Every structure is written in structure tokens, then in C-alpha cells.
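The structure appears below as C-alpha cells.
Read the figures in this text as sums done on the coordinates, not as results from a lab. As the structure is a computational prediction, the values presented were derived from the model and not from experiment. Cβ coordinates were reconstructed from backbone atoms using ideal geometry, including for glycine residues, and neighbour counts include every protein chain displayed.
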Amino acid sequence: MGNCLKPSSGEESSQTSQNHSYESKVATSKTTFSSYPSTLTCSTPSNLSGTPNDETTTSGTLPRTEGEILSSTNLKAFTFNDLKNATRNFRPDSLIGEGGFGFVYKGLIGEKTFAPSRSGSGMVVAVKKLKPEGFQGHKEWLAEVNYLGQLHHPNLVKLIGYCSEGDNRLLVYELMPKGSLESHLFRRSVEPLPWATRIKVAIGAARGLSFLNDESQIIYRDFKSSNILLDLDFNAKLSDFGLAKDGPTGDQTHVSTQVMGTHGYAAPEYIATGRLSTKADVYSFGVVLLELLTGRRALDKTKVGVEKTLVDWAKPYLGDKHKLCRIVDARLQGQYPKKGAHELGILALQCIVLKAKLRPRMTEVLAALEKLQDPKYSTLAVQTDRRRTSSSVLNSPLQNLRSPLRSTAGGSPLPLPPHHRSRHV
């Protein structure tokens, strides 16, 4: 089961990606696409082998063939020659990313015609070229076309078209010029993100995930900082829908499926049972909030003990406003609102609570984040009256939400005790 999980992108030392934001994550066997049936069942999960308590649930949706998926979208069908011309024959100087999925190239196409352009004018796009081998890679390619061909939202990356010609499988996206959130948080050569920008990115990502979970009943399943792309104004968009899955329907609480995702971000109950719900996405979102707060990776194999896993290391500090400063990203150099950071820590703690049913919905998470833009929580001022700071939880932007944590008589959320830790993933 654990073998189905991917290491966090910071640990993929064998990859020399310039931009991890467009990469897929599952290693594949050397078999051509023609060997596989071209079907995708987004709503019918498979059993998790070796899990005695696993019960498969389905939502009743019939499998769709590749032909049905491709014909049901409004995406541009590119020829392979089109994309060769757009990327200047996939020249090395057009390469902008590399990963398990394959390679990502910068291309140029006409804004209206989508025809390849070499004149220097037109729309710059990202062209993801799948390695011509492996069933899992083909399934992820088809899932991307299926979901992004139907879903449209300002906080989801725009899929412009695809190529399915022979053994060639490619995807054409809008280019996100600022790359991934991961690169801005963890690459020392990149200017650190100010606090206000971090909150802006978190809000944009929350809007996208809330749209998927709460409006579209889709489980993203691979929410992480490398899959959050940024435009020139640091507006966030979710990318890479290769592992997305239809959520449960009717009275069902989960779907059961093979465990896939990324170490450090995957929810513990999903890893243990294979039972997947939108609350697994909420957990992953909480981990990204911790990355934004601390500037540390979800999983860091260069560290030992409890410091190796961000959730376990950070959790004891999140509910204590006096200790929180010990884990806030040092690259901020103290330029962050103490009250806002405290509230963000409480929100992250709610998202990563061990019992999935106690986690908030993404609509609630989004509402709490939007309130952090209020000057009350965003002003860069050091609180000097320590006696008054004890009331900050009572005035929390979360107070109007149904708290998934234990509450006082006044309804304010209380953090979990420090010993209540998530196990390593």
C-alpha cells in the first residue's frame, strides 16, 4: 500500500525538474499505450488489497471510453506535428519542467486559431509530453482530459487541448509564469513570499478546492504545494488532475480505492484503509497551510525523529500563541501579523485533526481564510499587552463556523493536546 504513495517532491532527488508544477508522480512500466483498453472509470473505485475492513463503494456511473471522453469536451485536438512546431521540435531550450509524467515544454500558439506560431507573437503555453509507456500514466492523462475538459473555475488551471496520436499523449495548458508555490517556499534563490501574498495564495487554492469538493463532489487526492500554480499576480490555480476521483454519492460517506498520493500530504485514515472522502483533501490543505506558515516541507528526509514530518513537528505549537513564533518561517524576518498567524495555526490544526469527520469543510476553511485579510488579523503590529492576547481565540474569524474541535462554553475552538499526534506517512 505504501508503495503506491509518492515521496514529497522535495525528496525526489533523482528528478532535475526546473518546474515541478506540471509533473505527474507515478512511475510506470515500459509498455506502450496500445496495450491498454482506453477506458476510465472515475466513479468506480477498486478494492484496496490487503485491507481486511475495506468495503468497495460505487456511485453507479458507467465507465467511459477514451473516445467518449475526448468527444464530450470542448478542448482543442492538436496533432503531434502542431505541438512539435509550437515547441520548436521539443528543443532543450524550450524545456521548462521534468518529472515522472514526462517533460514540459514552453510553446507558442495563435490566441484565436491555436495554430502553432513561430513569429514571436501569440499565446505562450505549457505542453506536457507523456512518456510513451505505462498504464498508470495513460490513466492520469485521460483523467486530466476528463476533469479539466469539463470543469472551469478561475482557480483551476486551464486545459486548452490535447494530443492523442499513435503512442503520443500530450496536454496543452495555459502557462503560469510564476511557477509553483513549492518553488517560492523552498528554493532559496527565490524571493520569500510576504505574509499577505501567502494568505492570498491560500485563499485562491481554497476556492479551487472548495469548488471541487463542495460544488462538484470531486476528490482532488493530490493537493500539495507543487500542484498550486501562480500567475503574474500570484493568483493560485490548481493543476494536475491525474489522481482526481468522483466523490461518494447518496448515503455513502467514502469511496474505496488504491492508495495513491504524496507522502507527507496524504490523510492518515486514507493511508490506513483506502477509504477516500473530501476530508482527505482538507487534511492535505492543512499540511499546505503549515508549509505556508513555517516554510518547511511536508516531509524532510534530511531531518530525524519528529522533525522529519511537518505535521508531527508543528502540531504542539499551533494552539499556543506564545510558542507559535518558534515555528513561523524565519525568512519572513518577523514581518507577519501575530494574531493572523495564530488564527492560521488554529485553522491548520482543525484541518489536520486525526478524526476525518471532525475536520471542517473547505467552504468553512475558505470563509476563515478570507477573514484573515481583515486588518484586525493582517496588520503587522506586535501585540504588547500579553493579558489581552489571551482573548484572541474568542475573537477568532473561526468563531462563526461550526468548530470541528472541542469548544468552550463560549464556542471558541481549542487545539488538540500536544500528545495527540498524527502518525508518520
Ranked by Cβ crowding within 10 angstrom, fewest neighbours first, how are W313, W141 ordered? W313, W141
Gained length - A115 relative to H153, 0.36 nm times residue gap less alpha-carbon distance: 11.2 nm
Test of understanding: ordering K237, K112 by Cβ neighbours within 10 Å, fewest first, what list do you get? K112, K237
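Let me know the shape class of segment 296-381, please: from the alpha-carbon gyration tensor, a ≥ b ≥ c as square roots of the eigenvalues, rounded when a/c is under 1.5, otherwise prolate if a/b is greater than b/c, or oblate.
On the way: a/c = 2.17, a/b = 1.15, b/c = 1.88.
Oblate shape, in that a/c is at least 1.5 and b/c is the bigger or equal ratio.
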Could you work out how far the C-alpha centroid of segment 266-302 sits from that of segment 212-239, in angstrom? 14 Å
Expressed as a whole-number percentage, the relative contact order of segment 142-191 with C-alpha contacts under 8 angstrom and at least six residues apart is 22 percent
Spin-label pair V190/K301, simplified geometry with 7 Å Cα→Cβ offset, distance in nm: 2.2 nm
For a quick check: sort F90, F211 by the number of other beta carbons within 10 angstrom, fewest at the front. F90, F211
The distance between the Cα centres of segment 329-359 and segment 135-197, in whole Å, is 27 Å
Which trypsin sites (Lys or Arg not before Pro) does segment 128-229 hold that lie in a coil by DSSP with at most 13 other beta carbons within 10 Å? R187, R188
Packing rank of 179-186, 69-76, where each peptide gets the mean count of other beta carbons within 10 Å, highest leading: 179-186, 69-76
With charges set only on the Cβ (+1 for Lys and Arg, -1 for Asp and Glu), what does the dipole of segment 294-359 come to about its Cα centre, in debye to the nearest 20? 100 debye
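Would you please give the FRET efficiency between D214 and D374, computed as 1/(1 + (r/R0)^6) with r the Cβ-Cβ distance and R0 = 22 Å, to the nearest 0.05?
Efficiency at R0 = 22 Å is approximately 0.45.
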